[in-house]
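The values are calculated or read from the model by the stated rules, or taken from the named source; none is laboratory data. This structure is a prediction, so every number in the text was calculated from the model and none was measured. Because the Cβ atoms are built from the backbone with ideal geometry, glycine has one as well, and the counts that use them run over all protein chains shown.
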Amino acid sequence: MPTLRNAATALGLALLTMSETQLPAVNYDETKVPQYTLPDPLKMQDGSPVKSASDWVEKRRPEVLNLFREHVYGHAPGRPEGLKFKVTQNDDTALGGKAIRREVLITFARKEETPEAHLLIYIPKNTDGPVPAFLVINFDGNHLIHPDPAISISKSWVRNTRRHGITDNRPKESNRGNTKSIAGGNVEKGFSDKPGDNALEQILSRGYALATIYYGDIDPDYDDGFENGVHRLYPKPKPNEWGSIATWAWGLSRCLDYLETDREINAKKVAVMGHSRLGKTALWAAAEDERFAMAISNNSGCGGAALSRREFGETVKRINTSFPHWFCDNFTQYNDRINDLPVDQHQLITLAAPRPVYIASATGDEWADPKGEFLSGLHAGPVYGLFGLKGVEATEQPKPEEPVGAHIGYHLRTGEHAVTAYDWAQYLDFADRHLK
Ligand code: GTR
């Protein structure tokens with residue numbers, strides 16, 4: 001009954017707009033950040049201290065992971081029984097002979113209504129043995145990442161019409177090659193229109209493979225009552241079960257399941273990367289799945305790298321109001337009492353430990369609280385210390401274009417909410433230090 005549904009959606013939007021107008025004004029004033037105390041990463045819930053790496057691995061990490069599942073992102077199922085991979089394209093003459101292009105059809109279940117997800121992979125040629133890889137979850141479709149005419153166009157659509165005023169971002173031929181940064185975002189500085197000047201070709205020339213998937217191939221991005229995407233293969237989520245971020249992260253683990261079977265990829269050296277809501281997703285994917293060797297968060301903000309207790313820029317209340325489907329329902333309990341949330345986002349970073357993690361902010365992205373993103377990295381440091389590793393190696397947020405960090409990388413870039421050539425240059429250098 002399409003008309004009834006449309007009416008319900010319109011009513012939903014009207015209600016949403018009403019509740020958004022009742023939200024407190026956004027704070028961008030550092031002097032108005034409330035006093036807060038962060039949960040101590042090195043203290044068990046019963047108050048006992050975490051003294052060693054094995055205390056962390058055996059006791060505290062599982063405890064923190066469970067708190068995030070229960071209160072923030074929701075518990076997700078494991079690898080589904082009917083998961084299948086089919087290589088649908090394999091061309092070793094891609095990009096003028098420089099790369100192998102492969103497409104893999106992932107089906108999540110044996111049921112007929114399973115969504116079809118397409119993992120796109122480029123592998124550099126003439127390498128000695130399996131290569132490390134970036135797994136990037138993209139915003140608008142695989143075919144946007146490069147003008148290569150052979151990249152298939154997805155039939156899915158995320159319908160995330162609330163993003164930056166975009167009303168129709170349905171994957172279509174006319175936007176082929178539009179996203180030079182792979183990850184997506186509305187502004188991408190530093191790449192030109194010259195052939196080869198895009199993140200994909202830089203990644204390949206540095207000896208890495210790229211695997212990428214459109215998030216709409218996993219689950220749509222609107223409050224649909226979890227009736228679509230992979231959610232429809234499972235019972236309706238309970239208040240402590242997977243919202244969309246956990247679902248997209250789960251999809252990334254399924255991509256890694258495939259990469260483990262690909263002989264040209266070193267699946268023990270896969271960095272998971274995403275921008276904005278998909279940066280939140282990349283961090284949660286690395287938390288849930290320790291097979292990921294590295295995580296990269298580009299401008300992930302609230303519910304990603306930024307500390308929630310600072311309530312600077314986007315707050316938990318706002319994010320739960322604008323995007324009620326992203327987190328588990330339990331998270332809404334903290335809308336007006338953030339200090340009762342048993343975790344804060346620095347602990348999301350600790351869940352990557354001892355693996356390297358990179359957090360990137362932008363000066364013009366106050367909504368994502370750049371300082372709060374840095375502080376998360378800073379306060380995750382003690383957990384890396386348990387492993388004898390160094391974190392951000394700075395006590396103050398660095399100036400723009402001054403990247404810092406050993407096992408927790410951080411930079412603040414001049415400019416807007418986007419993934420730029422500068423950002424990718426830092427990720428590649430960081431990966432060279434840790435994955436090669
Ligand atoms: C914003 C949202 C942010 C961020 C961003 C994006 O509207 O408030 O949390 O995720 O979208 O994903 O582009």
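For Cys328, all conditions in the list (1) under 21 Å from Ala282 (Cα atoms); (2) without any contact (Cβ under 8 Å) to a residue 40 or more places away in the chain; (3) away from the ligand (no atom under 13 Å from the Cβ); (4) not β-branched (Val, Ile, Thr) hold save one; what is the number of the exception?
Here Cys328 clears every test but (2).
Being within 21 Å of Phe134 (Cβ to Cβ), assigned to a loop (DSSP other than H, G, I, E, B), touching a strand residue (DSSP E or B) at 6+ places or on another chain (Cβ under 7 Å) and in contact (Cβ under 8 Å) with a residue 40 or more places away in the chain is true for just one of His417, His411, His434. Which residue is that?
On the way: His411 fails: assigned to a loop (DSSP other than H, G, I, E, B); His434 fails: assigned to a loop (DSSP other than H, G, I, E, B).
His417 is the lone residue from the list that is within 21 Å of Phe134 (Cβ to Cβ), assigned to a loop (DSSP other than H, G, I, E, B), touching a strand residue (DSSP E or B) at 6+ places or on another chain (Cβ under 7 Å) and in contact (Cβ under 8 Å) with a residue 40 or more places away in the chain.
For segment 238-246, does any single residue satisfy the condition of being surrounded by fewer than 21 Cβ atoms within 10 Å (Cβ to Cβ) and not polar (S, T, N, Q)?
Let us first name the residues in segment 238-246 that are surrounded by fewer than 21 Cβ atoms within 10 Å (Cβ to Cβ), namely 238-240.
Retained after the next criterion (residues that are not polar (S, T, N, Q)): 238-239.
Yes, because at least one residue in segment 238-246 is surrounded by fewer than 21 Cβ atoms within 10 Å (Cβ to Cβ) and not polar (S, T, N, Q).
How many residues does segment 44-61 hold that are over 19 Å from Ala287 (Cβ atoms) and in contact with a Pro (Cβ under 8 Å, 6 or more places away or on another chain)?
Qualifying residue count, segment 44-61: 0.
Taking segment 284-314, which residues are part of a loop (DSSP other than H, G, I, E, B) and within 12 Å of the ligand (Cβ to nearest atom)?
Our first condition is that a residue be part of a loop (DSSP other than H, G, I, E, B); within segment 284-314, this holds for 289-293, 299-301, 303-305, 307, 311-314.
If the condition is that a residue be part of a loop (DSSP other than H, G, I, E, B) and within 12 Å of the ligand (Cβ to nearest atom), then Asn299, Ser300, Gly301, Gly303, Gly304, Ala305, Gly313, Glu314 are the ones that fit.
How many residues are in contact (Cβ under 8 Å) with a residue 24 or more places away in the chain, closer than 19 Å to Glu70 by Cβ and among the charged types (D, E, K, R) if we restrict to segment 331-370?
Counting residues in segment 331-370 that are in contact (Cβ under 8 Å) with a residue 24 or more places away in the chain, closer than 19 Å to Glu70 by Cβ and among the charged types (D, E, K, R) gives 1.
Return yes when His143 is in contact with a Ser or Thr (Cβ under 9 Å, 6 or more places away or on another chain), closer than 29 Å to Arg79 by Cβ and surrounded by 24 or more Cβ atoms within 10 Å (Cβ to Cβ) and no when it is not.
Considered against the rule, which asks whether it is in contact with a Ser or Thr (Cβ under 9 Å, 6 or more places away or on another chain), closer than 29 Å to Arg79 by Cβ and surrounded by 24 or more Cβ atoms within 10 Å (Cβ to Cβ), His143 comes out as yes.
Are any of the residues in segment 389-402 within 21 Å of the chain's Cα centre (by Cα) and acidic (Asp, Glu)?
For segment 389-402, residues within 21 Å of the chain's Cα centre (by Cα) and acidic (Asp, Glu): absent.
Pick from Ala380, Ala425, Ala362: which is out of contact with any Cys (no Cβ under 8 Å at 6 or more places or on another chain), small (Gly, Ala, Ser) and either in the same structural domain as Ser181 (by TED's automatic domain parsing) or farther than 18 Å from Ala271 by Cβ (or both)? First the steps, then the outcome.
Numbers: Ala380 fails: either in the same structural domain as Ser181 (by TED's automatic domain parsing) or farther than 18 Å from Ala271 by Cβ (or both); Ala425 fails: either in the same structural domain as Ser181 (by TED's automatic domain parsing) or farther than 18 Å from Ala271 by Cβ (or both).
After applying the criteria, what remains is Ala362.
Does segment 301-317 contain any residue that is more than 22 Å from Thr31 (Cα to Cα), of a type in the set (Ser, Thr, Tyr) and in contact (Cβ under 8 Å) with a residue 12 or more places away in the chain?
Within segment 301-317 (the criterion being more than 22 Å from Thr31 (Cα to Cα), of a type in the set (Ser, Thr, Tyr) and in contact (Cβ under 8 Å) with a residue 12 or more places away in the chain), the answer is no, since none of the residues qualifies.
Can you say whether Gly78 is of a type in the set (Gly, Ala, Ser) and within 25 Å of Pro324 (Cα to Cα), as far as the supplied structure shows? Talk me through it step by step, then tell me what you get.
Numbers: of a type in the set (Gly, Ala, Ser): yes; within 25 Å of Pro324 (Cα to Cα): yes.
Judged against the criteria, Gly78 is a match.
Does Thr37 fit the bill of being of a type in the set (Val, Ile, Thr) and modelled with pLDDT under 95? So that I can check it myself, show each step before the final result.
Working: of a type in the set (Val, Ile, Thr): yes; modelled with pLDDT under 95: no.
Against the criterion (of a type in the set (Val, Ile, Thr) and modelled with pLDDT under 95), Thr37 does not qualify.
Within segment 89-131, work out how many residues are in a strand (DSSP E or B), farther than 15 Å from Cys255 by Cβ and not small (Gly, Ala, Ser).
9
Six or more apart or on different chains, Cβ atoms under 6 Å: show the pairs whose first residue is in segment 260-283 and more than 16 Å from the ligand (Cβ to nearest atom) and charged (D, E, K, R) and whose second is in a strand (DSSP E or B) and modelled with pLDDT of 95 or more.
Glu260/Ala267; Glu264/Ile123; Lys269/Pro132
Sort out which residues of segment 236-259 are out of contact with any strand residue (DSSP E or B) (no Cβ under 7 Å at 6 or more places or on another chain), more than 14 Å from the ligand (Cβ to nearest atom) and not aliphatic (A, V, I, L, M), and write them in order of number.
Lys236, Pro237, Lys238, Pro239, Thr247, Trp250, Ser253, Asp257
Return yes or no: is Ile319 surrounded by fewer than 24 Cβ atoms within 10 Å (Cβ to Cβ), β-branched (Val, Ile, Thr) and within 12 Å of the ligand (Cβ to nearest atom)? Spell out how you get there, then give the answer.
On the way: surrounded by fewer than 24 Cβ atoms within 10 Å (Cβ to Cβ): yes; β-branched (Val, Ile, Thr): yes; within 12 Å of the ligand (Cβ to nearest atom): yes.
In short, yes.
Of everything in segment 61-80, what is free of Cβ contacts under 8 Å to residues at least 60 places away in the same chain and either assigned to a helix (DSSP H, G or I) or assigned by TED's automatic domain parsing to the domain that holds Leu210 (or both)? Give them in sequence order. Reasoning before the result, please.
The first filter runs over segment 61-80 and keeps only residues free of Cβ contacts under 8 Å to residues at least 60 places away in the same chain, leaving 62-63, 66, 78.
Hits for segment 61-80 are Pro62, Glu63, Asn66.
Are any residues in segment 279-316 surrounded by fewer than 20 Cβ atoms within 10 Å (Cβ to Cβ) and of a type in the set (Lys, Arg), and if so, which ones?
Arg291
Please go through segment 184-200 and pick out each residue that is away from the ligand (no atom under 16 Å from the Cβ) and charged (D, E, K, R). Working first, answer last.
Filtering segment 184-200 down to residues away from the ligand (no atom under 16 Å from the Cβ) leaves 189-200.
Answer for segment 184-200, where residues must be away from the ligand (no atom under 16 Å from the Cβ) and charged (D, E, K, R): Lys189, Asp193, Lys194, Asp197.
Please work out which one of (1) assigned by TED's automatic domain parsing to the domain that holds Trp157; (2) under 29 Å from Glu241 (Cα atoms) is the condition Leu95 fails and give its number.
(2)
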